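The next block holds one structure in the form of structure tokens; read it before the comments.
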Amino acid sequence: MVSDVASKGQTGFSLPVAVSDQVDMSQGRRYLKPGWFVSWMVNPLLMRLGAVPTLAVRGRTTGEWRTVPVNVLELEGQRYLVAPRGDTQWVRNLRVSGRGELRWRNRVEPFRATEVPDTEKPRVIEAYRASLSVTGG
């Protein structure tokens, strides 16, 4: 299991990233930007309360840590980060750095990011959507 690798004191684990390409392309973008309320109120509150895992990744131009709340999908014994809003800033940063950290409830798990191949994305995205309907998200 993925968490076993991190708990054995190794430098981290590999965490596949699936980027949804099913975002409205009418504006020529593959990114659905969240509104002000979500970006400046909801996300910081979720991270501060520890209600969801937080992804930390170095910015691709500044090198500073950037954080965003994420939902980690567990599918067939593997954990995935899913970017349902498309080609987000955190996805772009992970592509450049190749590394990040999952922070949750006083735990920090460093990992290496690998993007899910296009042929596997529909399976992962569908599982992500199904998990949201089960959890009420």
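The values are calculated or read from the model by the stated rules, or taken from the named source; none is laboratory data. None of the values given here were measured: they were computed from a predicted structure. Note that each Cβ is placed from the backbone with ideal geometry, even for glycine, and that neighbours are counted across all protein chains shown.
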Residue 65 fails exactly one of (1) out of contact with any helix residue (DSSP H, G or I) (no Cβ under 8 Å at 6 or more places or on another chain); (2) touching a residue at least 24 places away in the same chain (Cβ under 8 Å), namely (2)
Listed by range, strands (runs of 3 or more DSSP E) wholly within segment 62-123 having at least 1 residues that are among the hydroxyl-bearing types (Ser, Thr, Tyr) are 65-69, 78-83, 107-115
Selection from segment 69-111 of residues within 23 Å of residue 41 (Cβ to Cβ), in contact with a Ser or Thr (Cβ under 7 Å, 6 or more places away or on another chain) and at pLDDT 90 or above yields 103
Taking segment 89-119 and keeping residues in contact (Cβ under 8 Å) with a residue 60 or more places away in the chain and either within 13 Å of residue 70 (Cβ to Cβ) or surrounded by 13 or more Cβ atoms within 10 Å (Cβ to Cβ) (or both) leaves 91, 94, 99, 100, 102, 109, 110, 111, 112, 113, 115, 116
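Go through segment 81-117 and give me each residue that's basic (Lys, Arg) and within 25 Å of residue 130 (Cβ to Cβ).
Residues of segment 81-117 basic (Lys, Arg): 85, 92, 95, 99, 103, 105, 107, 112.
Answer for segment 81-117, where residues must be basic (Lys, Arg) and within 25 Å of residue 130 (Cβ to Cβ): just 85.
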